[in-house]
Amino acid sequence: MSTETPPSEPTASVRSSPVRAAIAARRSTKRFSDLPPSRADIEALLQAAVCAPDHGQLAPWRFTVLQGEARGVFADALAEALRRRMPEVADEAVAREREKAFRSPVLIVVSAHAEPHPKVPAVEQWVAVGAAIQNLWLAAVEMGLGLAWKTGNPAYDPVVKEALGVPEGDAVIGFLHVGTPLATAPPRTPDAASRTRWL
Ligand SMILES: Cc1cc2nc3c(=O)[nH]c(=O)nc-3n(C[C@H](O)[C@H](O)[C@H](O)COP(=O)(O)O)c2cc1C
């Protein structure tokens, strides 16, 4: 007889683990207070990020931290990129686009630098950066910080990348808004079973 615990009955120690609690509690933050996280907090988040699985230990992640006035660089780039994509765009829409840069006190631009490698294709280097973002996000939950992961057209726009100093060949994986949440949505209960086959 198997002594393994069936997958449908996790042990109590697994159910109550702090990691699983943070995973379950993680939600996107919509509104942030103006209070900026400390530099030590941000460094702790980045340190959690770089502990992600990393095939070949290539450290493909790059981080650009924008705080306070520096967010204006992103705001200007968002506005210019929108005007170039939509030359007829209304000024109000441009103003709303600029506001996105200021929705949190800190913005961490996470990009991926994929090296040509004989055993680690670019896709593996990109997903390592995704894993790094998830590490960072779970650490934020544990520290009581909120986060929102954004991409959209700006992530792929050369104007935005250049303004942020992201090399043309690197990929923006996420604009991470970070700060103290003003509200946190309740946990979701997505279903694994409908996406799983047991053979
Ligand atoms: C690669 C990636 C890109 C994303 N881009 C956006 C985005 O542009 N705008 C947005 O609102 N959310 C974005 N998200 C966040 C998801 O929309 C969000 O996690 C999802 O709606 C589930 O909500 P939750 O985080 O509260 O569970 C992105 C997530 C990933 C993984």
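Structure above, values below:
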quantity: Top-ranked residue in the stretch 169-186 [being farther than 30 Å from Val123 by Cβ and touching a strand residue (DSSP E or B) at 6+ places or on another chain (Cβ under 7 Å); ranked as nearest to the ligand (Cβ to nearest atom)]; calculated: Thr184
quantity: Positions within the stretch 90-113 being β-branched (Val, Ile, Thr) and crowded, with 19+ Cβ neighbours inside 10 Å, in sequence order; calculated: Val106, Ile108, Val109, Val110
quantity: Cβ-Cβ under 7 Å pairs, at least 6 apart or on other chains, the stretch 177-199 side outside any loop (DSSP other than H, G, I, E, B), far side of a type in the set (D, E, K, R); calculated: His177/Arg103; His177/Lys150
quantity: Single unsatisfied condition, Val166 versus (1) over 22 Å from Arg71 (Cβ atoms); (2) assigned to a loop (DSSP other than H, G, I, E, B); calculated: (1)
quantity: Test: residue in the stretch 142-150 that is closer than 25 Å to Ala77 by Cα, crowded, with 22+ Cβ neighbours inside 10 Å and under 12 Å from the mean Cα position of the chain (by Cα); calculated: yes
quantity: Some residue of the stretch 91-104 being more than 16 Å from the ligand (Cβ to nearest atom), closer than 30 Å to Ala25 by Cα, in a loop (DSSP other than H, G, I, E, B) and among the hydroxyl-bearing types (Ser, Thr, Tyr); calculated: no
quantity: Long-range neighbours under 8 Å by Cβ, at least six apart or interchain, first residue farther than 19 Å from His113 by Cβ within the stretch 42-62, second part of a helix (DSSP H, G or I); calculated: Ala44/Ala139; Leu45/Leu136; Leu45/Ala139; Leu45/Ala140; Ala48/Asn135; Ala48/Leu136; Ala48/Leu138; Ala48/Ala139
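We did not get these values from a lab; they are worked out from the coordinates using the rules stated. Keep in mind it's a predicted model, so treat the numbers as computed, not measured. When we count neighbours, we look across all protein chains shown, and the Cβ atoms used for this are built from the backbone with ideal geometry, even at glycine.
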